[in-house]
Amino acid sequence: MKGLSGVQACLLLNALPKIGPVSYRKLWAHFDHDPSRILEASDEELRKVPGLSQEAREVISHPARYFSLQEEWEKMQAQGISFLPSDDVLYPPLLREIYDPPIGLYCRGSPEAHSRCIAIVGSRQATPYGLKIAHQLARDLAQRDYSIVSGLAQGIDAAAHEGALAVGGRTVAVLGTGVDVIYPRIHRALYQKIIQAPGSCVLSEFPLAYPAEKHHFPIRNRIISGLSQAIIVIETTCHGGSMITARLAAEQGRQVFAVPGRIDQPTSQGCLALIREGATLLSRVEDIFEELPFLQADSSNRQAAEAIPPAKPHRSDMGAMLKTELERALYELIGQHDRLSLDGILQKLEHQPQQIISSLQMLELQQVVTQSPSGHYECLA
């Protein structure tokens, strides 16, 4: 298919059957990180991709048979849903590090670059004690500028989301459905609160309208752990879904914390098993920072920076202060157009997409440019 933007091409590849994250990684490398080239490739070119099945080649060659990109795109525009390809500056950076990162993520809410995330997960049949602890930990971590990640399920997940929102903090709900499907339905009000809260959002790799299916949730759980710096488990049985998340987190190199409970409580058994297997016992929020002191330092540095905002240089002096030619070119280009999308930038500059994305990230860190919720870049200085 020709004439697609990079985002649209990635959106289409994400929705096609037989094209999972591992296959996409091979295609991405073979076609020089250009998803549009993948869809324009001939069968002969696709045959050169190591390990790509005949079924996958067939799907790529005839994508319209399997998915309507136009219909999906129109629904997204109507509902204010964005799609973040894996090379997007707003794609969670830690998630890129896992073995099978999603090809892209649908996002409803504030599509911020969620790099300071801690997950809180646990039983749907939580006790009042578990709900209290989840709410309290989420609240305390949100006040330290961490995004609270969970799965919008009943019980511990909902209490964690509510705890973050209660103090004006950020929370991310990762769904095992399409981002337009609220599951469970009783969380409609919570869902609305999340997508309306500054810095908060719901994420999913599943196309719109995907229903809740049992096998979707373990797939979803790798995202919850993958985009987080640490995982906290509060109340779960030994066979609960949170155990899957915890083990995925350990495989991804994330620190797992478990809150102990009563030894005669069924939903305590999973946490007790995790502690026996090497998870860190968590009894207070400070335990996280004692185990991972770099998180405390990062939080303190960020709070200090926010307390004393740096003086912004005059626009006429900014170009000379930027370190690279590409940063200066980006600054001038965005300034000339007032606001510009990533696709528009990629079309106007003859650099590798990853170089441009890295430079845009540096400009954002330096508070030179910002990206609006619509995905357009604007100059701040």
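The values are calculated or read from the model by the stated rules, or taken from the named source; none is laboratory data. This one's a predicted model, so the numbers in the text were calculated from it and none came from an experiment. In this analysis, Cβ positions are derived from the backbone assuming ideal geometry, glycine residues included, and neighbour counts consider all displayed protein chains.
Being surrounded by fewer than 21 Cβ atoms within 10 Å (Cβ to Cβ), over 14 Å from residue 121 (Cα atoms) and touching a helix residue (DSSP H, G or I) at 6+ places or on another chain (Cβ under 7 Å) is the filter here, so list the residues in the range 158-179 that pass it.
Within the range 158-179, 166, 167 qualify.
Could you go through the range 41-59 and let me know if any residue there is in contact with a Phe, Trp or Tyr (Cβ under 9 Å, 6 or more places away or on another chain), closer than 26 Å to residue 147 by Cβ and surrounded by 13 or more Cβ atoms within 10 Å (Cβ to Cβ).
No.
Looking at residue 83, is it of a type outside the set (Asp, Glu), within 17 Å of residue 204 (Cβ to Cβ) and more than 20 Å from the chain's Cα centre (by Cα)?
no
What's the total number of residues in the range 199-254 that are of a type in the set (D, E, K, R) and either within 17 Å of the chain's Cα centre (by Cα) or part of a helix (DSSP H, G or I) (or both)?
6
Here is a list of conditions, (1) touching a residue at least 60 places away in the same chain (Cβ under 8 Å); (2) within 30 Å of residue 67 (Cβ to Cβ); (3) touching a helix residue (DSSP H, G or I) at 6+ places or on another chain (Cβ under 9 Å), and residue 229 meets all of them except one; can you say which number that is?
(2)
Look through the range 52-80, keep the residues that are free of Cβ contacts under 8 Å to residues at least 60 places away in the same chain and of a type in the set (Lys, Arg), and return whichever of them is farthest from residue 200 (Cα to Cα).
57
What is the one condition in (1) more than 17 Å from the chain's Cα centre (by Cα); (2) buried (at least 19 other Cβ atoms within 10 Å of the Cβ); (3) at pLDDT 95 or above that residue 191 does not satisfy?
(1)
What pairs can you find where one residue is in the range 179-200 and closer than 15 Å to residue 151 by Cα, the other is assigned to a helix (DSSP H, G or I) and of a type in the set (Ser, Thr, Tyr), and their Cβ atoms are less than 7 Å apart, with a gap of 6+ or different chains?
182/191
From the set of residues in the range 124-150 that are in contact with a strand residue (DSSP E or B) (Cβ under 8 Å, 6 or more places away or on another chain) and assigned to a loop (DSSP other than H, G, I, E, B), which is farthest from residue 246 (Cα to Cα)?
Restricting to residues being in contact with a strand residue (DSSP E or B) (Cβ under 8 Å, 6 or more places away or on another chain) and assigned to a loop (DSSP other than H, G, I, E, B), the top hit is 146.
Just checking, does the range 197-209 include any residue being surrounded by fewer than 16 Cβ atoms within 10 Å (Cβ to Cβ), at pLDDT 95 or above and not polar (S, T, N, Q)?
yes
Just one of 297, 305 is under 28 Å from the mean Cα position of the chain (by Cα), modelled with pLDDT under 55 and assigned to a helix (DSSP H, G or I); which is it?
The unique qualifying residue is 305.
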